[in-house]
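S.K.: There's a structure below that I have some questions on.
What follows draws every value from the coordinates through simple rules; no lab data is involved. None of the values given here were measured: they were computed from a predicted structure. Quick reminder, even Gly has a Cβ in these numbers, built from the backbone with ideal geometry, and neighbours come from all protein chains shown.
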Amino acid sequence: QLRLLKDVLKEHNIQLSSPAATSGGKGNDIRPITVLNAISLLNTEEALSSTQRGPKNEEESDKMSRKVRQIATQIRIPFQKAKYSQNSVDFDDLILLTRELLLQHPEVREMLHSRWRHVLVDEFQDTSQVQLELVRLLTTNSLFVVGDGDQSIYSWRGASPESMTSDFELAFHDRRHG
């Protein structure tokens, strides 16, 4: 990912280091991983805006600097095209493309429902809104989740301990049994 991102940045003449930083002064360097995380957040925001659940984590979006958002917005599509041109997908693509497949093709969703009647999710506290929706799409009426909200470590990827409480209740309110 990082190599490909650096190639795309170079192709678009985008430098993440300020001139002051390269000459030994204090500059405002942006790390490539920061841009990757911003692209991930933009992809998630776009995916969630297409459903009634909408983007949830506005505070994560607010943490992104204007400059990082500008760079991520500018290279998000070229970066996606570069991945696909190499027949590659990343972790975000696996989640987002699977979600899209299940949303657009109910026959695939039904086939998976009949194949896997029970779903278990470990480390549920690290579930993002998109992952929560993916779990909802994969689950019929037998879901078992395990997690500890005090151990959430993936907030930078949109994960939230609320996935175990209020978000869970909202996503599965129509599937309560007793």
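S.K.: Taking the highest mean first, how do the peptides 87-95, 118-126 order by number of other beta carbon atoms within 10 angstrom per residue?
M.R.: Averaged packing, sorted descending, gives the order 118-126, 87-95.
S.K.: Cβ neighbours within 10 Å, averaged per peptide: list 104-112, 36-44 in order, most packed at the top.
M.R.: 36-44, 104-112
S.K.: Now for a different question. For an R0 of 22 angstrom, estimate the FRET efficiency from the Cβ-Cβ distance between D122 and D93 and round to the nearest 0.05.
M.R.: FRET efficiency, D122 to D93: 0.50.
S.K.: How far apart, in nm, are two points set 7 Å out from the Cα along the Cα-to-Cβ line at T73 and at L170?
M.R.: About 2.4 nm, to one decimal.
S.K.: State to the nearest 20 debye the size of the charge dipole of segment 70-125 about its Cα centre, where the only charges are +1 on K and R beta carbons and -1 on D and E beta carbons.
M.R.: 160 debye
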